[in-house]
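Each remark here refers to the structure printed beneath this line.
Read-outs throughout are calculated quantities, based only on the coordinates presented, and are distinct from any laboratory measurement. Quantities reported herein were computed from a predicted structural model and do not represent experimental measurements. Heads up, the Cβs are rebuilt from the backbone with ideal geometry, glycines too, and the neighbour counts pull from every protein chain shown.
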Amino acid sequence: MDTESTQKLAILIDADNAQPAITENLLAEVAKYGTASVKRIYGDWTLPQLRGWKDILLEYSIQPIQQFGYTKGKNSTDSALIIDAMDLLYTGRFDGFCLVSSDSDFTKLAARIRESGLVVYGFGEKKTPDPFVAACDKFIYTEVLAKEDEEKEERKQKPANQLKQDTKLVNLVRNAIDASSDESGWAHLAPVGSYIAKQSPGFDPRNYGYRKLGELLSAMKLFELEERKTGEGHSKAIYIKDKRK
């Protein structure tokens, strides 16, 4: 059984910094990493701008937590979410947390949870400050969770020439292959992906218009990809090699 998929997760949503439209795909994404044992959303539900959440919360059984804004200009929602997160952390019942916000105020919270040995998945818009992204084990930009039909998604794929010019991306992949390869220069795609995730929590092939890591690396035209049979069964694995070697 996949250990990651059996993780017990707590989803904590900052209603002030998240959109109701992402909920279905957000929960589908979380399901890839584990089971959402707790689903809570924080905000001042007396405010008209949060009305769009009402039907969504009922449909997906997300518990709304009321937090009045005691002082104008101060975000008491953040404090309530952080206090609840620490309470849940100390129960010892969870393997990880999903923090849904684009607010850098949760950077320290993410770092503190990881210090306790739990995994942190962050979800936020591309405007999310880099420190919060870096504080998470993995950060998923909510723009990629927006519903798009297949044809539209294909049109948004970045071509090879743009990918090759992305120095940060190219170096990230090459370093991952170097760290994961054998003496012949070939590396199994899975550890390459793990290395990339550890070095860059915000990396996601969908940010470039591709569903899978293998599809993105193939589109870059800088690497050789080879599918090999593994063991006696019919299972196969993808291996990758830098064309320069």
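Projecting label points 7 angstrom from Cα along Cα→Cβ for residue 49 and residue 224 puts them 5.5 nm apart. Pairs spanning more than 26 Å between alpha-carbon atoms, out of 8/236; 138/245; 138/229; 138/164; 32/126; 127/158: 8/236; 138/245; 138/229. Computed on the stretch 179-227, with alpha-carbon pairs under 8 angstrom and 6+ residues apart, the relative contact order is 20 percent.
If I compute semi-axes √(5λ) of the Cα gyration tensor in Å from the structure I just sent, which labelled value in (1) 36, 20, 17; (2) 30, 24, 17; (3) 24, 20, 17 lines up? Of the listed options (1) 36, 20, 17; (2) 30, 24, 17; (3) 24, 20, 17, (1) comes from this structure. At a Förster distance of 30 Å, what's the computed FRET efficiency of residue 130 paired with residue 8, Cβ-Cβ distance as r, to 0.05? Rounded to the nearest 0.05, the efficiency is 0.55. Taking every alpha-carbon pair under 8 Å whose residues sit at least 6 apart, the chain reaches a relative contact order of 15 percent. Amide H contacts of residue 7 (H built 1.01 Å from N, in plane; Pro and chain starts excluded): 35 sit under 5 Å, all sequence-distant by 5 or more or on other chains.
Summing charges over all other residues whose Cβ lies under 13 Å from the Cβ of residue 126, with Lys and Arg as +1 and Asp and Glu as -1, gives -2. The gain in end-to-end length when the residue 164 to residue 37 segment is fully stretched comes to 41.6 nm, 0.36 nm per residue minus the alpha carbon separation.
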